[in-house]
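J.: One structure, pasted below without further comment.
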């Protein structure tokens, strides 16, 4: 349904005919760590995440899995090469 509380005019999964069913009855504003993310939208009442109703919970255990401004570092593990087996391969 269309949100009528905080993010007026946006589609919201927590909105029902009787009001917002999210914990507390409304979405929470973004935290500092969300600054720069493409999912943050500005509304009359402040900045809110379009994907998560409570962004602070997403950052509680580390990086948010929905953050578009964070790039995950991929570690490549270098394997040990046995010199005896390497000489036999040639």
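The values are calculated or read from the model by the stated rules, or taken from the named source; none is laboratory data. Worth saying up front: this structure is predicted, and the values here are computed from it rather than measured. Note that we place each Cβ from the backbone using ideal geometry, even for glycine, and neighbour counts take in every protein chain shown.
J.: Identify, please: which residue in region 31-55 is assigned to a loop (DSSP other than H, G, I, E, B) and touching a strand residue (DSSP E or B) at 6+ places or on another chain (Cβ under 6 Å) and is, among those, modelled with the highest pLDDT?
T.: Among them, the one singled out is 39.
J.: Here is a list: 28, 58. Which entry is buried (at least 17 other Cβ atoms within 10 Å of the Cβ), at pLDDT 85 or above and more than 23 Å from residue 71 (Cα to Cα)?
T.: After applying the criteria, what remains is 28.
J.: Does at least one position in region 46-59 carry a residue that is under 25 Å from residue 21 (Cα atoms) and free of Cβ contacts under 8 Å to residues at least 12 places away in the same chain?
T.: For region 46-59, residues under 25 Å from residue 21 (Cα atoms) and free of Cβ contacts under 8 Å to residues at least 12 places away in the same chain: present.
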